[in-house]
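Below: one structure, written as structure tokens.
Read-outs: derived from the displayed coordinates by stated rules, not from any lab. Quantities reported herein were computed from a predicted structural model and do not represent experimental measurements. Here the Cβ is made from the backbone with ideal geometry for all residues, glycine too, and neighbour counts use every protein chain on show.
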Amino acid sequence: MKTKVCIIGGGPSGLLLSQLLHLKGIDNVVLERQSREYVLSRIRAGVLEHGFAELMREAQCGERMDREGEIHEGFFIAHDGRMDRVDLHRYSGGSSVVVYGQTELTRDLYEARERMNGRVIHHVEDVKLHELTGDAPYVTYRSGDEIVRVDCDYVIGADGFHGVSRKSIPRGVLREYERVYPFGWLGVLSRTKPVSPELIYARHERGFALCSLRSQVLSRYYIQVPLSDKVEEWSDEAFWDELRRRLPEEVSQRLITGASIEKSIAPLRSFVAEPMRHGRLFLAGDAAHIVPPTGARGLNSAASDIYYLYHAMLGHYLDGDDSGLDGYSAKALARVWKAQRFSWWMTMMLHTFPDSIDYDRKLQDTDLAYLFSSEAALRSLAENYVGLPF
Ligand code: FAS
Ligand code: PHB
């Protein structure tokens, strides 16, 4: 098999790049380990930055997002029994975010790839990357008993944190930066009316909680739990009781509960791998970086990687200009690290830490007090949350 760009990973990063390149006539193939159904069964991000939404529209995949997604111009931070609103529209200079589940946007991307006869190959096994530092890289994978070879110009590693691409960069070349948090998020999806029209990030001495949504009939809730917790230890009733304890009275009393249709615990980590390029291999999305979801930056960090890679490939194939490719890693990492900082800051401010001392808790109190007493602080939060410029 021969193509211009071989994309490893059929998650949102890989599919979005594949769709954008296709629309510009740049041939590509996506290799995905799992089935489409499995990929779509994973419940993940819910908040899209303005830039991500724009990319989806440019990829001709924004129609259902614009019809079913919700524009959100603010969110609440609940603390000390009260609710303070962050007016994103006011403090970001008129911007907003789109609440539209990653599952749905990934479905839209799959359907567009299929509609345009894109090559997305599922159930690939033992993917290996070859000759990355030469002029003729290639990828092999096993399909049943057959080994398939894909000759290409470039390989895009969009295969997530546990993928093969980052691990194909020699140890001596790759530098990794990581912080693992001493807790996880227990998430529940329920077919219930959301407790609030806008998201609520709750700081509470029992632990962090988040009230989010996917639509007006589908709610997404999270509570911070110790890393030692197992999801099977949490009944729906125990979850709802603990969530109520962490919300202000005015909110908890109107919480509508129901059976969980998805329940899982996600560990929290901050992670960056540098560089994001090695020869003809370019890393994008979770393959290169992970953030704690407190700042809703995970999927949105992938968006700027894809934007830079897309324009770099246009430069190469349409204009013979390789400056975008040569500058990709530094440019992507500059924005990645700003998303890392913001996600870390939101996480440190809103969670309880088992080893924290009174001084730490006073600093958290002060962070919140300063935030809601300073326009400059609110502008800083808002510009990061709606998405810094690409
Ligand atoms: P993905 O991991 O989504 O996709 C990578 C794809 O590559 C997968 O389909 C995988 O099957 C495939 N793959 C892996 N190895 C392969 C191989 N060797 N060969 C072929 N294919 C291979 N972000 C937010 O903004 N908000 C959130 O609330 C949020 N919650 C999250 C909860 C969880 C449990 C997790 C894990 C992540 C969450 N994220 C959240 C972050 C998440 O949304 C990611 O940012 C997003 O999935 C990144 O997309 P991709 O880079 O495409 O990686
Ligand atoms: C979600 O809806 O899943 C969600 C929203 C905002 C976050 C994290 C998760 O910061």
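Starting from the alpha-carbon convex hull of segment 2-50, give the projected area averaged over all orientations, in nm².
Result: a mean projected hull area of 4.3 nm².
Any lysines with Cα under 17 Å of the Lys167 Cα? List them, leaving off those in the same chain fewer than 8 positions away.
In chain and number order, the partners are Lys128.
Using only Cα atoms, find the angle between the long axis of helix 102-115 and the longest principal axis of the chain, and express it within 0 to 90 degrees, rounded to the nearest 10.
The angle comes out near 30 degrees.
Could you give the semi-axes, largest first, of the ellipsoid that matches segment 123-180, computed as the square roots of 5 times the alpha carbon gyration tensor eigenvalues and rounded to whole Å?
Equivalent ellipsoid of segment 123-180: 23, 16, 9 Å, largest first.
If you average the alpha carbon positions of segment 197-215 and of segment 83-100, how far apart do those two centres end up, in angstrom?
Segment 197-215 and segment 83-100 have Cα centres separated by 16 Å.
Please arrange Phe372, Phe76 by counting, for each residue, the other beta carbons lying within 10 Å of its beta carbon, fewest first.
In order of increasing Cβ crowding within 10 Å: Phe372, Phe76.
In the chain, what percentage of the DSSP-assigned beta bridges are antiparallel, given to the nearest 5?
Among the beta bridges of the chain, antiparallel pairing accounts for roughly 75 percent.
Assuming R0 = 30 Å, can you tell me the calculated FRET efficiency for the pair Glu249 and Arg269, based on Cβ-Cβ distance, to the nearest 0.05?
0.35
Report Rg(Cα)/(2.2 N^0.38 Å) for the chain, keeping two decimals.
Dividing the Cα Rg of the chain by 2.2 N^0.38 Å gives 1.00.
Net charge within 10 Å of Gly93 by Cβ-Cβ distance, Lys/Arg positive one each and Asp/Glu negative one each, not counting Gly93 itself?
+1
At a 10 Å Cβ-Cβ cut-off, how would you order Met1, Met56, Met65, Met83, fewest neighbours first?
If I rank by nearby Cβ atoms, fewest first, I get Met1, Met83, Met65, Met56.
Filter the trypsin sites (Lys or Arg not before Pro) in segment 166-200 to those in DSSP coil with at most 11 other Cβ atoms within 10 Å of their Cβ, and list the result.
Of the trypsin sites (Lys or Arg not before Pro), the ones in loops of segment 166-200 whose Cβ has at most 11 other Cβ atoms within 10 Å are Arg171.
Please report, in whole Å, how far the alpha carbons of segment 102-223 spread along each principal axis, starting with the longest.
The Cα atoms of segment 102-223 stretch 54, 42, 26 Å along the principal axes, largest first.
Could you tell me the distance between the Cα centroids of segment 17-33 and segment 370-386, to the nearest Å?
Rounded to whole Å, the Cα centres lie 38 Å apart.
How high is the FRET efficiency from Asp151 to Glu63, r the C-beta distance, R0 35 Å, rounded to 0.05?
0.50
Between Glu111 and Glu37, what is the spin-label point distance in nm, taking each point 7 Å from the Cα along the Cα→C-beta axis?
Each label point is offset 7 Å from its Cα along the Cβ direction, giving 1.9 nm.
So which cysteines of the chain have no other cysteine's Cβ under 4.7 Å from theirs?
Cys61, Cys211
Roughly speaking, what is the centre-to-centre gap between segment 58-76 and segment 337-354 when only Cα atoms are used, to the nearest Å?
Spelled out, the Cα-based centre of one part sits 26 Å from the other.
Working from Cα positions, state the angle (0 to 90°, nearest 10) between the long axis of helix 298-319 and the longest principal axis of the chain.
It works out to around 30 degrees.
Between 0 and 90 degrees, rounded to the nearest ten: what's the tilt of helix 323-350 against the longest Cα principal axis of the chain?
In the chain, helix 323-350 runs at an angle near 20 degrees to the longest axis.
Given only helices, namely DSSP H runs of n ≥ 4 each adding -39500 (n - 2.57), what is the per-residue ellipticity at 222 nm of the chain, to the nearest 500 deg cm²/dmol?
Value at 222 nm, helices only, nearest 500: -11500 deg cm²/dmol.
Can you give me the orientation-averaged projected area of the convex hull built on the Cα atoms of segment 182-267, in nm²?
If you wrap the Cα atoms of segment 182-267 in a convex hull and average its projections, you get 5.1 nm².
For the chain, give the magnitude of the charge dipole about the Cα centre (Cβ charges: +1 Lys/Arg, -1 Asp/Glu; no others), in debye to the nearest 20.
100 debye
Rank the residues Ile8, Ile26 as a footprinting-exposure proxy: fewest other Cβ atoms within 10 Å of their Cβ go first.
Going from sparsest to densest Cβ surroundings: Ile26, Ile8.
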